[in-house]
1. List the helices (runs of 4 or more DSSP H) that sit entirely inside the stretch 258-344 and contain at least 3 residues that are farther than 29 Å from residue 240 by Cβ.
2. Could you check how many residues of the stretch 192-207 are assigned to a helix (DSSP H, G or I) and in contact with a Ser or Thr (Cβ under 9 Å, 6 or more places away or on another chain)?
3. Criterion first (within 16 Å of the ligand (Cβ to nearest atom) and at pLDDT below 95) does residue 171 satisfy it?
4. Considering only residues of the stretch 182-193 that are touching a His at 6+ places or on another chain (Cβ under 8 Å) and near the ligand (Cβ under 9 Å from one of its atoms), which is most open to solvent (accessible area, probe 1.4 Å)?
5. Tell me which of these residue 234 doesn't satisfy, since it passes every other one: (1) under 19 Å from residue 262 (Cβ atoms); (2) not in a helix (DSSP H, G or I).
6. Restricting attention to the stretch 194-234, which residues are within 16 Å of the ligand (Cβ to nearest atom) and open to solvent by 70 Å² or more (accessible area, probe 1.4 Å)?
7. Just to be sure I understand, how many residues within the stretch 247-259 are surrounded by fewer than 20 Cβ atoms within 10 Å (Cβ to Cβ) and either touching a Cys at 6+ places or on another chain (Cβ under 7 Å) or more than 13 Å from residue 288 (Cβ to Cβ) (or both)?
Amino acid sequence: MAMKHFRGRAEGPGGMSAPVAVVVDVGGTRVRAALAGPDGTPTGRVVRPTDRTSPERFLAGLEEVIRAVLAGAPRTVAARLPVIVGCTGPIGPGGSLVDPPNLDPSFRDLPLGAALGERLRRPVVVGLDTHLALLGEQQAGALRGRSDGIYLTVSTGVGGAILSGGRLLRGARSMSGELGHLPVAARGPRCGCGGQGHLEAVVAGPALGRSVMRRADREVGGALALRIRALGRIPDGSDVALWASEGDPDATAVLRRARGALAVAVTALVSLLDPEVVVLGGGVVLGSPEAWTAACREHIRRHGLAAHRESVEVTAAVLGDDAGLYGGVAYARMMDALEPVTEG
Ligand SMILES: [Zn+2]
């Protein structure tokens, strides 16, 4: 799938580098896509809700977003721009969704890369969203200039990626860094993957919501139960964070437990991987980043190895939802799906 026609540095209007790809970040609720320049910088973003009602509508939705982005590309290059897609894994050969954990079973083995390539008549590269996000943070964010780091994102799920010796650690199946499924509590709650006590089952947004529901059930008619009834739906991570900020003791306790679980996992990862920096991202963390980074720092200081106690930085991701868009081009280069840009 190597592309031979991106040698040289084409200049677009205004001296801007011409785009070299369309990058797409497929989230659980939104699809974000943009043109990407040779250094990965995204422009012309288009955002749409993710249509998860059926595989066919999901693919049609992605095609529509990508065509909307292509409409903003210079006509001289639009016809041959490759597409780089980041989505949750695991991802099989040819960019298929092996067993997407938070999607309907009909999505199993959906040949995402091949099907999109057919619809768009161009090469499509599919990678793990967290791998693209780590490369984005390395390109333009919290991992810039770093050679060893851990990226961990907590939102509707928990994912991660590892930078080791300046390179993304890919793993044998290009799926290293599934940090959401690290066991953190032998008798903890069931995880969406079927396991028990995994990090994701304790700290992801839906897990926080389920935790406050369980606490509310213990005191029917209590303050927490009344909050949930007023909400009229199952609370999510942002509801729990809001209630904690308003002083609700149960919401505060749920968040403290989640931060504690994340801190245990991060300290274990630090011992395993010896990073310079741990970068925390995702909506759950970025709602109150200092509380989450401080919990991890404190746990490393108390329970980490002496060499790590004062030296490992724990910091918040800086690119937010854009991280995967910034990392797409670097990912495609790593997979030899884009020619390196040559000077002159
Ligand atoms: Zn799991």
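1. Values: elements: 283-286, 289-303, 306-309, 323-334.
Here the list reads 306-309, 323-334.
2. 3
3. In short, no.
4. 183
5. (1)
6. Selection gives 196, 210.
7. The number of residues fulfilling the criteria is 5.
Okay, residues lined up against (1) under 21 Å from the mean Cα position of the chain (by Cα); (2) open to solvent by less than 60 Å² (accessible area, probe 1.4 Å); (3) closer than 29 Å to residue 200 by Cα:
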{"site": "48", "(1), (2), (3)": "yes, no, yes"}
{"site": "51", "(1), (2), (3)": "yes, yes, yes"}
{"site": "57", "(1), (2), (3)": "no, no, yes"}
{"site": "66", "(1), (2), (3)": "yes, yes, no"}
{"site": "120", "(1), (2), (3)": "no, yes, no"}
{"site": "138", "(1), (2), (3)": "yes, yes, yes"}
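The values are calculated or read from the model by the stated rules, or taken from the named source; none is laboratory data. No experiment lies behind these values; they were computed from the predicted model shown. Neighbour counts run over all protein chains shown; Cβ positions are idealised from the backbone, glycine included. In case anyone asks, the SASA skips ligands and DNA or RNA and just uses the protein heavy atoms, side chains included. Shrake-Rupley method; radii C 1.70, N 1.55, O 1.52, S 1.80 Å.
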